[in-house]
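Colleague: One structure coming up, written as structure tokens, with questions to follow.
The values are calculated or read from the model by the stated rules, or taken from the named source; none is laboratory data. Source: prediction; values computed, not measured. Quick reminder, even Gly has a Cβ in these numbers, built from the backbone with ideal geometry, and neighbours come from all protein chains shown. Surface areas here come from the heavy atoms of the whole protein model, side chains and all, with no ligands, DNA or RNA. Shrake-Rupley method; radii C 1.70, N 1.55, O 1.52, S 1.80 Å.
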Amino acid sequence: MKFPGILTKNILMETTGEISLPAQVKLLPGHCGLPKLVIQISHSSAEIYLHGAHITDFQKTGEPPLLFMSAASRYETNQPIRGGVPVIFPWFGPRAGQPAHGFARQTSWELESASVEKNGEVKVSLRLSETSMPADWRAAQLRFSVTVGDSLTMELSVTNRSPDKSLSFEDCLHTYFAIGDIADVSITGLQGAPYIDKVDGASTKQERGAAITFNSEVDRVFPNASGSVEIHDRKFHRTIVVEKSGSASTVVWNPWIAKSKAMADFGDEEFKQMICVESGNVGENQITLPPGKTARMKVILSSRRVE
Ligand code: TA6
């Protein structure tokens, strides 16, 4: 892949048309030989598969991983990876005759750049080549950038390259968080918010409690919820903060017992160690992008120890 032959301190230079990766970034074979980026800096590390531009690990040194990965996940070119941060585009949920949650998470992305920022953070950018997209979606140019530091910053951008047609789509970063025990976790930041309850006939309800706790399957889509959410994990003595911009929908999901058993790529007991807090633009918040415009969704994941 050609880059302008400009030497920058970001160590991005043209050498025989390849990207010269900073020392902090390695491209290695992952599970089933799928290529993955392994990023290691002094106080954190991360892994990103090119398949689906799928972040499968982010961990601050000395802390438990921030992201949950299923031990039963598949790593096959025509299947999504289970856990981490699935990149959802251009639709959210099932669609007849199509892959659930869209094609982006089960398509191979290209590495566009890798650089070391002034503060020592590492930023990698991936793009979804239009030739690997279904023909009727090729007006969309997708880029996904990941910045690894003390926190994990993800930005999904969608550009409508059509000269004259608008582009309507849903997008979501469907993040699976690692937790100590679902019975010891609560989520704050959504009090008073309306939601669609997908485990109760998609009925509309209102989040009455100050915190969401879990004792059965939870699958709630909060429209017009652009604020931050916190995950309080008593067992890990950790609060995870999900901050975002360019995202109007928040989704909270735990599959609980029956749905866990029904998923072949998810362990029957794994629901106890994960919670999904997803940031996107879904349902009534779907995006309609005018020609030439770009939508940017940024999600920042951070954590702090609590006694
Ligand atoms: O975001 C919650 C959800 O839409 C659930 O309804 C459940 O289907 C989950 O996503 C997982 O979807 P997946 O296609 O990854 O199995």
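Colleague: Is it fair to say VAL241 is at pLDDT 95 or above, among the β-branched types (Val, Ile, Thr) and within 16 Å of the ligand (Cβ to nearest atom)?
Modeller: no
Colleague: Which of the residues that make up region 264-307 are open to solvent by 20 Å² or more (accessible area, probe 1.4 Å), in a strand (DSSP E or B) and within 13 Å of the ligand (Cβ to nearest atom)?
Modeller: Scanning region 264-307 gives no hits.
Colleague: A further question on this structure: Take the conditions within 16 Å of the ligand (Cβ to nearest atom) and not in a loop (DSSP other than H, G, I, E, B) and apply them to THR131. Does it pass?
Modeller: Taking the combined requirement at face value, the residue does not satisfy it.
Colleague: What are the residues in region 222-234 that are closer than 16 Å to ALA211 by Cβ and in a loop (DSSP other than H, G, I, E, B), if any?
Modeller: ALA225, GLY227, SER228, ARG234
Colleague: Output the residue which, of all residues in region 182-201 that are within 14 Å of the ligand (Cβ to nearest atom) and not aliphatic (A, V, I, L, M), is most open to solvent (accessible area, probe 1.4 Å).
Modeller: LYS198
Colleague: Name the residues in region 123-181 that are of a type in the set (D, E, K, R), touching a residue at least 60 places away in the same chain (Cβ under 8 Å) and within 30 Å of LEU21 (Cβ to Cβ), would you?
Modeller: Residues satisfying the conditions are ASP150, GLU155, ARG161, ASP171.
Colleague: Which residue is nearest to the ligand (Cβ to nearest atom), if the candidates are limited to region 94-115 and must be assigned to a loop (DSSP other than H, G, I, E, B) and more than 15 Å from the chain's Cα centre (by Cα)?
Modeller: ALA100
Colleague: If you go through region 132-187, how many residues are more than 23 Å from GLY52 (Cβ to Cβ), in contact with a Phe, Trp or Tyr (Cβ under 7 Å, 6 or more places away or on another chain) and among the acidic types (Asp, Glu)?
Modeller: So the count comes out to 0.
Colleague: Out of everything in region 45-74 that is without any contact (Cβ under 8 Å) to a residue 60 or more places away in the chain and open to solvent by 40 Å² or more (accessible area, probe 1.4 Å), what residue ends up being farthest from LYS235 (Cα to Cα)?
Modeller: The selected residue is GLU47.
Colleague: Which residue, of THR250, THR204, is surrounded by fewer than 16 Cβ atoms within 10 Å (Cβ to Cβ) and assigned to a strand (DSSP E or B)?
Modeller: None of the other options fit; the residue is THR204.
Colleague: Cβ-Cβ distance below 6 Å, separation of 6 or more or different chains: which pairs start in region 75-99 with a residue that is among the basic types (Lys, Arg) and end on one that is assigned to a loop (DSSP other than H, G, I, E, B)?
Modeller: ARG82/SER70; ARG82/SER73; ARG82/ASP265; ARG82/PHE266
Colleague: What pairs come out if I take residues in region 248-263 that are without any contact (Cβ under 8 Å) to a residue 24 or more places away in the chain and more than 7 Å from the ligand (Cβ to nearest atom) and pair them with residues that are open to solvent by 80 Å² or more (accessible area, probe 1.4 Å) and not β-branched (Val, Ile, Thr) whose C-beta lies under 8 Å away, six or more apart or interchain?
Modeller: Sorted first by the residue in region 248-263, then by its partner, the pairs are SER260/GLU269.
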